[in-house]
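A.B. asks: First the structure, which I've put down as structure tokens, then a few questions once you've had a look.
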Amino acid sequence: MPSHIMLLNFAHFVHSVAWNCTGTKLASGSVDQTARVWHIEPHDNGKAKDIELKGHTDSVDQLCWDPKHADLIATASGDKTVRLWDARKDGELYMWGKNSSGQLGLGKKAAKAVHKPTKVECLSGLTIKLAALGSEHTVVVTGIKETGSLFVFGDKVVANLSDDRDSV
């Protein structure tokens, strides 16, 4: 691997950078409301491929990789939200914690307490724009502009309030 790698595409100030637990991905959080993840190709002269994680409505001030899952990263923003991302794909949602009312959206057979980040499978293929969590519910907005959907999980109910998806 080369001793240094030049990463471009910074249009705004960067607040935070961090390597994942395997040293193969570098992430940055920026004033432009995005996080970027570079996958460093060690056998390809240090070339880097990047993805952009969009969804915050204010600057991404902090980020932190999961210490055991090389593709999971959390970002904290001035919009007062924390988002957990799968760095392999933009916009997937992972949940963990109390699930006594089904508020994590993980399905009817999910445990009452989930101790590790688990992908919300019923939202696969959709771009997550916003997730708001309460003690007994979760509200998720998906899509782009006017074509999105609203999903609600919790109180032992799962509802999609805007389209006909059978997978929910």
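A.B. asks: Can you pull out the residues in segment 47-71 that are in a strand (DSSP E or B) and either at pLDDT below 90 or among the aromatic types (Phe, Trp, Tyr) (or both)? Spell out how you get there, then give the answer.
C.D. replies: Of all residues in segment 47-71, those in a strand (DSSP E or B) come to 47-54, 60-65.
Passing the criteria: 47, 48, 49, 50, 51, 52, 53, 54, 65.
A.B. asks: Only one of these is within 22 Å of residue 70 (Cα to Cα) and modelled with pLDDT under 85: 92, 121. Name it. Step through it out loud before you land on a result.
C.D. replies: On the way: 121 fails: modelled with pLDDT under 85.
One residue alone meets the criteria, 92.
A.B. asks: Among the residues of segment 3-23, is there at least one that is buried (at least 16 other Cβ atoms within 10 Å of the Cβ), within 22 Å of residue 127 (Cβ to Cβ), modelled with pLDDT of 80 or more and of a type in the set (Ser, Thr, Tyr)?
C.D. replies: no
The values are calculated or read from the model by the stated rules, or taken from the named source; none is laboratory data. Not measured: the values here are computed from a predicted model. A quick note on method: Cβ atoms are made from the backbone with ideal geometry, for glycine too, and the neighbour counts reach across all protein chains shown.
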